[in-house]
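Taking it in order: structure first as C-alpha cells, then the write-up.
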C-alpha cells in the first residue's frame, strides 16, 4: 500500500522537507463534502487545509489547532488529518485509568514484594506528559514484500497467511479502528505517545476498538489481503506525523 498514513493515533504534524510531495495550494475541481461522522481524512493532490475545513464544516482554523499545524499549512499527499479534537478526551481518559490503576495497586500491594525501576516497561504518562523511551516488536513475522520509501510506500508490507495474528508493536491507545479510509481496508492506528503512532492496514478483521488501551504484543487484528495481491500486513511508524522507516525501530 503506497499511501498509508499514519499516527494514527494519530495525529501528528508535518513540516516541509526537501524531496517530499506536497499538496498544491490551489484546489482542483469539485470535491464532495466530508461526512460529519468521518474522523480522519487522507490528503489527496490539490487538497488544502482551507478546502478540507470547508468541506468538513469545521473550518481550517480548528483543523490547524487539532492537528498542530502552523501557517502556511503545507500538506503532504497521503497525510492524515484529524477531524476532531481528542486532546481533552485523551487526558481525561488517561487520568481516570491512572487513578484506577493506582487505587488497585494500593489495595493489593504487599510489603514484601516491590518492583524495581529496571523491571518497569517503558510507557507514557499522559497526565504529566512524561515521555519514556518506547521499545518496539514486530507486528507480524514474515517476509518484507514492500520496503519503505518516502515517495512511494510510507511503511513496509509484511507477507502473512489469511487470519494470521497481528500484534501491537508497542503499548498505546487505539486512535482509529475501522474502514473509513478508502483503499486501506480494515485499518488500525495506535497512538503510543505524543510523538509516535503505528498503523496496521489491509486486515481481515480488527479485534480492538477505538479508545481501548493495548499492550505491546497484544493481538489486535488478523491478516487480510488487498484485492489482487497476496495476504500481507501494511505497517507504518510515524514520528510527529512523518512516516519513518520501521526497520530503524524494530529489533533485528
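The values are calculated or read from the model by the stated rules, or taken from the named source; none is laboratory data. Quick caveat, the model's predicted, so the values are computed rather than measured. Here the Cβ is made from the backbone with ideal geometry for all residues, glycine too, and neighbour counts use every protein chain on show.
Descriptive notes on the structure:
- Cross-chain or 6+ apart pairs with Cβ under 6 Å, segment 58-72 first and within 20 Å of residue 191 (Cβ to Cβ), then outside any loop (DSSP other than H, G, I, E, B): 63/49; 63/53; 66/82; 67/81; 67/82
- The single condition among (1) loosely packed, with under 14 Cβ neighbours inside 10 Å; (2) modelled with pLDDT of 90 or more; (3) in contact with a helix residue (DSSP H, G or I) (Cβ under 6 Å, 6 or more places away or on another chain) that residue 53 does not satisfy is (1).
- Cβ separations smaller than 8 Å between residues 6+ apart or across chains give the following pairs from segment 132-152 residues that are within 13 Å of residue 215 (Cα to Cα) to residues that are exposed (fewer than 14 other Cβ atoms within 10 Å of the Cβ) and modelled with pLDDT of 80 or more: 136/251; 137/251.
- Among the residues of segment 163-195, those identified as more than 11 Å from the chain's Cα centre (by Cα), under 17 Å from residue 214 (Cα atoms) and in a strand (DSSP E or B) are 165, 166, 167, 178.
- Exclusive hit being surrounded by fewer than 11 Cβ atoms within 10 Å (Cβ to Cβ), modelled with pLDDT under 85 and more than 16 Å from residue 191 (Cα to Cα), set 119, 98: 119
- Being surrounded by fewer than 17 Cβ atoms within 10 Å (Cβ to Cβ), assigned to a strand (DSSP E or B) and at negative phi holds for only one residue in 205, 238, and it is 205.
- Filter pass, residue 217 being surrounded by 23 or more Cβ atoms within 10 Å (Cβ to Cβ) and farther than 24 Å from residue 82 by Cβ: no
- Sole residue being surrounded by 15 or more Cβ atoms within 10 Å (Cβ to Cβ), modelled with pLDDT under 95 and either under 12 Å from the mean Cα position of the chain (by Cα) or closer than 15 Å to residue 78 by Cα (or both), chosen from 146, 154: 154
- Residue 34 vs. criteria in contact with a helix residue (DSSP H, G or I) (Cβ under 6 Å, 6 or more places away or on another chain), surrounded by fewer than 20 Cβ atoms within 10 Å (Cβ to Cβ) and either under 21 Å from residue 183 (Cβ atoms) or modelled with pLDDT under 85 (or both): yes
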